[in-house]
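The values are calculated or read from the model by the stated rules, or taken from the named source; none is laboratory data. Keep in mind that this is a model prediction, so the values were computed, not measured. When we count neighbours, we look across all protein chains shown, and the Cβ atoms used for this are built from the backbone with ideal geometry, even at glycine. In case anyone asks, the SASA skips ligands and DNA or RNA and just uses the protein heavy atoms, side chains included. Shrake-Rupley method; radii C 1.70, N 1.55, O 1.52, S 1.80 Å.
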Amino acid sequence: MKRPYFVLNLLFLILFLVSCSTSKEARTYKRSIDGNWQLQTVVTEGIAGKVQALVFNEADFNCFIGSSWNFNDHNSLGSYSIDKNANE
């Protein structure tokens, strides 16, 4: 009588583990951006006029031009730094 519950719980566990795994495509993207980068330009396609947008609740997106970025695919962490005189 307890066997159907065991099978049902096992199926939910398998579904949970499969849904939390990283896809092959995502792993490929992570490897391709690993390293140090510098943002050269920001393009807003399809938007006419002056655009002002706050990114990461930190600064206007134009302030990110020239910013330095570091991505580490081994631990899925990254960091960035914005020049304090950016876009003045």
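Below are the figures for this structure:
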item	result
Among (1) open to solvent by 100 Å² or more (accessible area, probe 1.4 Å); (2) touching a helix residue (DSSP H, G or I) at 6+ places or on another chain (Cβ under 9 Å); (3) modelled with pLDDT of 80 or more, the one test that Leu77 misses	(2)
Output for region 1-39, where each listed residue is over 30 Å from Ser79 (Cβ atoms), open to solvent by less than 100 Å² (accessible area, probe 1.4 Å) and modelled with pLDDT under 70	Pro4, Val18
Residue, farthest from Ile82 (Cα to Cα), within region 33-71, restricted to residues that are touching a helix residue (DSSP H, G or I) at 6+ places or on another chain (Cβ under 6 Å) and in a loop (DSSP other than H, G, I, E, B)	Ala53
Residue tally, condition under 30 Å from Lys24 (Cβ atoms), in contact (Cβ under 8 Å) with a residue 12 or more places away in the chain and loosely packed, with under 13 Cβ neighbours inside 10 Å, over region 40-71	1
